[in-house]
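One structure is given below, encoded as structure tokens.
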Amino acid sequence: MNEIDQFWQDFCKKNNLTNVSYKEAFQFGASSGWLASLVVEGKKTATTSGYVFYELENEELPKKGDYSIVLDENNQPVAVIQVQSVDVLPMNEVSEEFALAEGEGDYNFWWRAHEEFFTNELKPYGKTFSPDLMVVCERFINLSLKNC
């Protein structure tokens, strides 16, 4: 059994969860170690992704109740999160309150970081960033911080 599956099994055992599975194990964004540490510390409770990538990669949008495992920069599992809400809206309509829930800094920092990230990620697809880019805004809880 790999480390990720063992992490999940240990989490389920500790929390008396049966017949549930995690959707994915993933790293957050371009600074995966830092972002994972924000989740572990309970400072990051939201994330924003580009809607277009779900379409281009033929992936399902996250759903309320989905479990995921957060990986650090070394692909080591560090937290189990559960999606609490999912909203799709233009990036220029994301509230400051939501941006702050990402735990990365103020709204201006959030905007610049996401604009740069999306600009770079869109290039291989021949697409460009625009302020009204549709984004997927997820709120989540870190279940590793407590028993569920």
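The values are calculated or read from the model by the stated rules, or taken from the named source; none is laboratory data. The structure presented is a predicted model; accordingly, all values stated were derived computationally and were not measured. Methodologically, a virtual Cβ is constructed for each residue, glycine included, from the backbone with ideal geometry; neighbour enumeration extends over all protein chains shown. Surface accessibility is based on the protein's heavy atoms, side chains included, excluding ligands, DNA and RNA. Shrake-Rupley method; radii C 1.70, N 1.55, O 1.52, S 1.80 Å.
Here are some notes:
- In this structure, residue 13 does not satisfy being of a type in the set (Lys, Arg) and in a loop (DSSP other than H, G, I, E, B).
- Close pairs (6 angstrom Cβ cut-off, 6 or more residues apart or separate chains): in contact (Cβ under 8 Å) with a residue 12 or more places away in the chain in the stretch 91-109, assigned to a helix (DSSP H, G or I) and not aromatic (Phe, Trp, Tyr) anywhere: 103/38
- Within the stretch 3-19, residues that are within 13 Å of residue 69 (Cβ to Cβ) reach partners that are hydrophobic (A, V, I, L, M, F, W, C) and open to solvent by less than 100 Å² (accessible area, probe 1.4 Å) with beta carbons closer than 7 Å, at six or more positions or on different chains, in the pairs 4/25; 4/69; 7/69; 8/69; 11/80; 12/20.
- Answer residue from the stretch 139-148, given it is part of a strand (DSSP E or B) and open to solvent by less than 40 Å² (accessible area, probe 1.4 Å) and is modelled with the highest pLDDT among those: 140
- Selection status of residue 48, among the β-branched types (Val, Ile, Thr), open to solvent by 20 Å² or more (accessible area, probe 1.4 Å) and not in a helix (DSSP H, G or I): no
- Residues located in the stretch 83-108, provided they are over 19 Å from residue 30 (Cβ atoms) and charged (D, E, K, R): 87, 93, 96, 97
- Within the stretch 118-138, the set of residues being open to solvent by 40 Å² or more (accessible area, probe 1.4 Å), part of a helix (DSSP H, G or I) and in contact with a Ser or Thr (Cβ under 9 Å, 6 or more places away or on another chain) comprises just one member, 119.
For every residue, the table says whether it meets (1) touching a Cys at 6+ places or on another chain (Cβ under 7 Å); (2) open to solvent by 60 Å² or more (accessible area, probe 1.4 Å); (3) farther than 28 Å from residue 95 by Cβ; (4) at pLDDT 95 or above.
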{"site": "16", "(1), (2), (3), (4)": "no, yes, yes, no"}
{"site": "19", "(1), (2), (3), (4)": "no, yes, yes, no"}
{"site": "30", "(1), (2), (3), (4)": "no, yes, no, no"}
{"site": "44", "(1), (2), (3), (4)": "no, no, no, yes"}
{"site": "62", "(1), (2), (3), (4)": "no, no, no, yes"}
{"site": "65", "(1), (2), (3), (4)": "no, no, no, yes"}
{"site": "78", "(1), (2), (3), (4)": "no, no, no, yes"}
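- Residues of the stretch 121-148 that are under 22 Å from residue 54 (Cα atoms) and without any contact (Cβ under 8 Å) to a residue 12 or more places away in the chain: 123, 124, 126, 128, 130.
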